[in-house]
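This is the structure I have questions about; it appears just below.
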Amino acid sequence: MSETITAKTRTITLTDAQPVKIIEHQWPEIAHGNWGDNPAIPSQSNRGADIRVRQHADGRAIVYGTRWSRWQGEGGRAGGEMLDAGADIVAAIRRVAEDVGISEVAVRECIADLPAVEI
């Protein structure tokens, strides 16, 4: 008997562009930052945000983020950017964060989580 294995996919919302669907193992997460209004117990936060960077083996990257709230009447927001190989990922993190309304705490955490540059 042959068993079919389905690769896990993820649909990512982009800013001013159609969403993209990726196969997760082909676009591993290389950096992540988050923020919640209850840092002592993050799962009990009423508001929060996160920003992530995924990168394909060919060098292309996707920077995307979400902001959410559990308060009635407060909506969330999502957005992101597709980047060509060699593009400035840090600048994209800052642009996405500004567009979505993600805190500087999450932005700095995401930038610090990027792979180190060898010099």
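The values are calculated or read from the model by the stated rules, or taken from the named source; none is laboratory data. Predicted, not measured: the structure shown is a model, and the values here were computed from it. Virtual Cβ from ideal backbone geometry, glycine too; neighbours counted across all protein chains shown.
Please specify each residue of the range 86-119 satisfying the condition of being in a loop (DSSP other than H, G, I, E, B), of a type outside the set (Val, Ile, Thr) and in contact (Cβ under 8 Å) with a residue 40 or more places away in the chain.
Answer for the range 86-119, where residues must be in a loop (DSSP other than H, G, I, E, B), of a type outside the set (Val, Ile, Thr) and in contact (Cβ under 8 Å) with a residue 40 or more places away in the chain: Gly101, Ser103, Leu114, Pro115.
Same structure again: Considering only the range 57-65, I want to know if a residue exists there that is at pLDDT 95 or above, more than 17 Å from Thr13 (Cα to Cα), outside any helix (DSSP H, G or I) and of a type outside the set (A, V, I, L, M, F, W, C).
Yes, the range 57-65 has at least one match.
Run His25 past the list (1) assigned to a strand (DSSP E or B); (2) over 12 Å from the mean Cα position of the chain (by Cα); (3) under 16 Å from Ile12 (Cβ atoms) and report the number of the one that doesn't hold.
Looking at each condition in turn, His25 falls short on (1).
For the range 100-115, indicate whether the set of residues that are over 21 Å from Gln26 (Cα atoms), surrounded by 12 or more Cβ atoms within 10 Å (Cβ to Cβ) and acidic (Asp, Glu) is non-empty.
Yes; the residues of the range 100-115 include at least one that is over 21 Å from Gln26 (Cα atoms), surrounded by 12 or more Cβ atoms within 10 Å (Cβ to Cβ) and acidic (Asp, Glu).
For Arg52, indicate whether it is within 16 Å of Pro19 (Cβ to Cβ) and modelled with pLDDT of 95 or more.
So Arg52 fits the description; yes.
Could you grab the pairs with beta carbons closer than 7 Å, sequence gap of 6+ or different chains, first residue in the range 1-25 and at positive phi and surrounded by fewer than 13 Cβ atoms within 10 Å (Cβ to Cβ), second one modelled with pLDDT under 95 and assigned to a strand (DSSP E or B)?
Going by the 7 Å Cβ cut-off, there are no qualifying pairs.
Conditions tested, residue by residue: (1) touching a residue at least 24 places away in the same chain (Cβ under 8 Å); (2) surrounded by 15 or more Cβ atoms within 10 Å (Cβ to Cβ).
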| site | (1), (2) |
| --- | --- |
| Asn34 | yes, yes |
| Asn46 | yes, no |
| Asp58 | yes, no |
| Tyr64 | yes, yes |
| Gly73 | no, no |
| Gly80 | yes, yes |
| Asp84 | yes, no |
